Each structure stands twice: as C-alpha cells, then as structure tokens.
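One structure is given below, encoded as structure tokens.
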Amino acid sequence: MSPSRRHPNVVNIAEAPAGGFTRGERFALSNRALGRATGAKGIGCSLYEVPPGKTAFPNHYHCANEESVYILEGTGSLRIGADHVEVGPGDYATFPVGPAYSHQLLNTGAGPLRYLCFSTMLGTEVVGYPDSGKIGAMSFADGKQVVRIMVKDSSNVDYYDGELP
C-alpha cells in the first residue's frame, strides 16, 4: 500500500494505476481498475475514458459475469442486443448474462466519454462476440490467468473428437 493511502480498501482515482490501449481505428480507452486497487474479490469496478468516435470493446456478451455501466460524462450510443439507446451523464445500464444482452458503448460526443463499469468477478468466464463469430474462454486462479483461448465459433468440434479409436 502506498504511504498516501488511507486504508487498503479505499482508493482515490488518482492513486489507482492507469492503463489503456488503442487498437486499430475503432478501439481506444484509458482506464483505472478501482476494484483491483482496493482488493475486491467479488465486485469489480473500473473507470473508463473513451475518446470521441471510439469504443472500448467489441460487441460482446458474458455467460457468467454480469456487468453494468454508469455514465459520468459525455454521450454515447449503447447497443444492447438489437437495440441502440442514447446515454449520457447519470444513466445506468445493466447487462445480464447471455446473448440477448450483448453490449457495446460507442462515444458519439465531441469530448471524452467517462463511465464506471461494474461487474461480478467470477474466475471462469466464457464471452461471445456475435458480430465477429468468436468465443473466448478464460479462467483465473490466485489472481493469475491460467486459461485464455479465443476461437471462431465455426471451429467447434464434437465432444468426443480425438477421444475414440
């Protein structure tokens, strides 16, 4: 814990380690993992900032973890399943598990889109990407990623493939 921290379970945004990335022309974000910085085990919280015209992540849905977002600043178009909803400061949205709740948030404003993203933190997760036909599976143990695979949905094989003579 930093000497300036008041308590291990309390963090100021300025104290949380900064991260982020840009990927191609569509994806960009800066973030601070607030939940991780406070030792959260069951509920995650991250602050995201997305530049104008960008989105942080591809359209996706979760099979284990539920997510939600709370818009702090800026405007966006929130895709939930087949619906598009305009969102702005003070709006809160929840994404239950399953394909019907695939989601993606696009910054449609002239300035940054800042929001908090909350999620349950189940250690094993399967994520579907309906636009690109991918499936991702990942699992964590003792805070470390032990499995991560991303495949095209069309690469599915029979359960007993390679097992029977």
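The values are calculated or read from the model by the stated rules, or taken from the named source; none is laboratory data. What you see is a predicted model; the values in this text were computed from it and never measured. Every residue, glycine among them, receives a Cβ derived from its backbone with ideal geometry; neighbour counts consider all protein chains shown. Note: accessible area is taken over every heavy atom of the protein model, side chains too, but ligands, DNA and RNA are not part of it. Shrake-Rupley method; radii C 1.70, N 1.55, O 1.52, S 1.80 Å.
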Exercise for review: Report, largest value first, the span of the C-alpha coordinates of segment 69-165 along each principal axis, in whole Å.
Suggested key: 60, 33, 22
Check your understanding: In a shell of Cβ-Cβ distance under 14 Å around Thr38, excluding Thr38 itself, what net charge do Lys and Arg (+1) and Asp and Glu (-1) give?
Key -> +4
Exercise for review: Go ahead and run the numbers for FRET between Ser4 and Cys63, Cβ-Cβ distance against an R0 of 30 Å, rounding to 0.05.
Suggested key: 0.15
Check your understanding: How long, wide and thick is segment 4-66, going by the Cα atoms along their three principal axes, in whole angstroms, largest first?
Key -> 40, 29, 14
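With Cβ to Cβ distances under 10 Å as the rule, what net charge do the other residues near Thr94 carry (K, R +1; D, E -1)? It would help to have the intermediate numbers written out before the result.
Values: positive: none; negative: Glu66, Glu67.
Around Thr94, the surrounding residues sum to -2.
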Practice item. Just subtract the alpha-carbon distance of Ala40 and Val126 from 0.36 nm times their residue separation and send over the number in nm, one decimal. Key: 28.9 nm
Revision key, fill the gap. Between the alpha carbon centres of segment 1-68 and segment 81-95 the gap in Å comes to 19 Å
Point to revise | Heavy-atom accessible area order for Val87, Val97, largest first, 1.4 Å probe | key: Val97, Val87
Exercise for review: Jot down the radius of gyration and Dmax of segment 47-105, Cα atoms only, both in angstrom.
Suggested key: 11.0, 30
Review point. Where the only charges are on Cβ atoms (+1 Lys, Arg; -1 Asp, Glu), what is the dipole of the chain about its Cα centre, to the nearest 20 debye?
Key: 680 debye
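Could you rank Leu164, Leu72, Leu105 by how accessible they are, 1.4 Å probe, largest area first? Intermediate results must be reported in sequence, preceding the final value.
Details: Leu164 125, Leu72 70, Leu105 15 Å².
Sorted descending by solvent-accessible area, the residues read Leu164, Leu72, Leu105.
State the extension gain, in nm to one decimal, for the chain segment bounded by Asp158 and Val146, taking 0.36 nm per residue of separation less the distance between their alpha-carbons. Walk me through the numbers before you get to the answer.
Details: separation 12, 0.36 × 12 = 4.32 nm, distance 2.40 nm.
That works out to 1.9 nm of additional length.
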**Study point:** Dimensions in Å of the chain - Rg and Dmax from alpha carbons
**Key:** 17.6, 63
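Give me the percent of accessible area attributable to carbon and sulfur for segment 5-157, probe 1.4 angstrom. If you can, show how the numbers build up before the last one.
Details: 4880 of 8690 Å².
On segment 5-157, the fraction of accessible area on carbon and sulfur atoms equals 56 percent.
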Revision key, fill the gap. Taking a probe of 1.4 Å and leaving out DNA, RNA and ligands, segment 109-154 shows per residue an accessible area in Å² of 61 Å²
Practice item. For Asp91, list long-range residues whose amide hydrogen, built 1.01 Å from N in the peptide plane, is under 5 Å from its own amide hydrogen. Key: Ile71
